[in-house]
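Below is one structure; the comments refer to it alone.
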Amino acid sequence: MALDELKSAVPDFAKDLKLNLGSVIGNSELPKQQLWGTVLACAIASRSPKVLRELEPEAKANLSAEAYAAAKSAAAIMAMNNVFYRTRHLLSDPEYGTMRAGLRMNVIGNPGVEKVDFELWSLAVSAINGCGMCLDSHEQVLRKAGVDRETILEAIKIASVLQAVGATLEAEGVLAE
């Protein structure tokens with residue numbers, strides 16, 4: 001199992017990450033599509049080749065072709081949106097907040113999977129990318145759709161652990177050179 005390979009790559013000093021990796025993915029109560037879509041979108045957003053290489057095959061095996069493409073789309077569109085909306089929010093001039101984005105985001109309206117799943121994946125990627133506006137927006141959509149806080153927090157946990165594992169493995173790779 002790729003998850004075991006990834007856990008074995010985590011160094012001993014980051015034992016908590018290894019344990020958390022096993023629990024947030026291996027013991028997740030999310031439905032299979034939500035879990036593996038979150039894992040794939042977050043593995044992409046982590047920017048860690050090792051995390052993506054290890055988890056992508058299992059994600060692909062657990063997702064329909066449509067869900068696989070939608071999870072990749074969530075990572076892609078949120079890479080753009082998180083930068084745009086985070087920056088617009090951080091600028092002290094409020095006029096930017098009133099200006100039209102003018103960026104194509106068609107996939108959000110028609111992601112090819114249930115809207116709730118795409119929103120959950122978008123929220124998890126937004127957690128990695130640190131966009132408060134996007135986090136609030138996706139959380140509100142999810143809550144209005146009846147998604148409980150525990151499900152939302154589970155996606156955030158997956159995002160945080162995959163980001164931390166990716167950063168740790170990348171740092172170890174650099175230090176080993």
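The values are calculated or read from the model by the stated rules, or taken from the named source; none is laboratory data. Note that this is a predicted model, so its numbers are computed, not measured. Glycine gets a Cβ as well: all are built from the backbone with ideal geometry, and neighbour counts include every protein chain shown. Heads up: the accessible areas ignore ligands, DNA and RNA and are worked out on the full protein's heavy atoms, side chains in. Shrake-Rupley method; radii C 1.70, N 1.55, O 1.52, S 1.80 Å.
Select from the range 151-177 the residues that are in a helix (DSSP H, G or I) and of a type outside the set (A, V, I, L, M, F, W, C) and list them in ascending order.
Thr151, Glu154, Lys157, Ser160, Gln163, Gly166, Thr168, Glu170, Glu172, Gly173
If I go through the range 42-56 residue by residue, how many of them are open to solvent by 30 Å² or more (accessible area, probe 1.4 Å) and of a type outside the set (Val, Ile, Thr)?
Here is the first cut: in the range 42-56, the residues open to solvent by 30 Å² or more (accessible area, probe 1.4 Å) are 44, 47, 49-50, 52-54, 56.
Checking which are of a type outside the set (Val, Ile, Thr) leaves us with 47, 49-50, 52-54, 56.
Qualifying residue count, the range 42-56: 7.
Let's see how each residue does on (1) touching a Gly at 6+ places or on another chain (Cβ under 8 Å); (2) of a type in the set (A, V, I, L, M); (3) over 20 Å from Leu40 (Cβ atoms):
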{"site": "Ala127", "(1), (2), (3)": "no, yes, no"}
{"site": "Cys131", "(1), (2), (3)": "no, no, no"}
{"site": "Gln140", "(1), (2), (3)": "no, no, yes"}
{"site": "Val147", "(1), (2), (3)": "no, yes, no"}
{"site": "Glu150", "(1), (2), (3)": "no, no, yes"}
{"site": "Glu154", "(1), (2), (3)": "no, no, no"}
{"site": "Val165", "(1), (2), (3)": "no, yes, no"}
{"site": "Gly173", "(1), (2), (3)": "no, no, yes"}
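Could you tell me how many of the residues in the range 138-150 are open to solvent by 20 Å² or more (accessible area, probe 1.4 Å) and part of a helix (DSSP H, G or I)?
So the answer is 7.
Taking the range 88-137 only, how many residues are open to solvent by less than 80 Å² (accessible area, probe 1.4 Å) and not in a helix (DSSP H, G or I)?
11
Only one of (1) open to solvent by less than 40 Å² (accessible area, probe 1.4 Å); (2) closer than 14 Å to Ala74 by Cα; (3) modelled with pLDDT under 95; (4) small (Gly, Ala, Ser) fails for Gly173. Which number is that?
The number of the failed condition is (2).
Suppose we filter the range 57-68 for residues that are in contact (Cβ under 8 Å) with a residue 24 or more places away in the chain and open to solvent by less than 60 Å² (accessible area, probe 1.4 Å); how many remain? I'd like the intermediate steps shown before the answer.
In the first step, residues of the range 57-68 are kept if they are in contact (Cβ under 8 Å) with a residue 24 or more places away in the chain; the result is 57-58, 62-64, 66-68.
Subsequent filtering for residues that are open to solvent by less than 60 Å² (accessible area, probe 1.4 Å) retains 58, 62-64, 67-68.
The qualifying residues number 6.
Note down all Cβ pairs under 7 Å where the first residue falls in the range 20-41 and is open to solvent by 30 Å² or more (accessible area, probe 1.4 Å), the second is assigned to a loop (DSSP other than H, G, I, E, B), and they're at least six residues apart or on different chains.
Gln33/Leu63
Among what's in the range 157-168 and is aliphatic (A, V, I, L, M) and crowded, with 22+ Cβ neighbours inside 10 Å, pick the residue that is farthest from Glu139 (Cα to Cα).
The first filter runs over the range 157-168 and keeps only residues aliphatic (A, V, I, L, M), leaving 158-159, 161-162, 164-165, 167.
Narrowing further to those that are crowded, with 22+ Cβ neighbours inside 10 Å: 158-159, 161-162, 165.
Details: Ile158: 16, Ala159: 15, Val161: 19, Leu162: 20, Val165: 24 Å.
My answer is Val165.
Quick check: anything in the range 76-83 of a type outside the set (A, V, I, L, M), surrounded by fewer than 20 Cβ atoms within 10 Å (Cβ to Cβ) and under 21 Å from Ala155 (Cβ atoms)? Give the steps one after another, and end with the answer.
The first filter runs over the range 76-83 and keeps only residues of a type outside the set (A, V, I, L, M), leaving 81-82.
Filter once more, keeping what is surrounded by fewer than 20 Cβ atoms within 10 Å (Cβ to Cβ): none.
Scanning the range 76-83, I find no residue that is of a type outside the set (A, V, I, L, M), surrounded by fewer than 20 Cβ atoms within 10 Å (Cβ to Cβ) and under 21 Å from Ala155 (Cβ atoms), so the answer is no.
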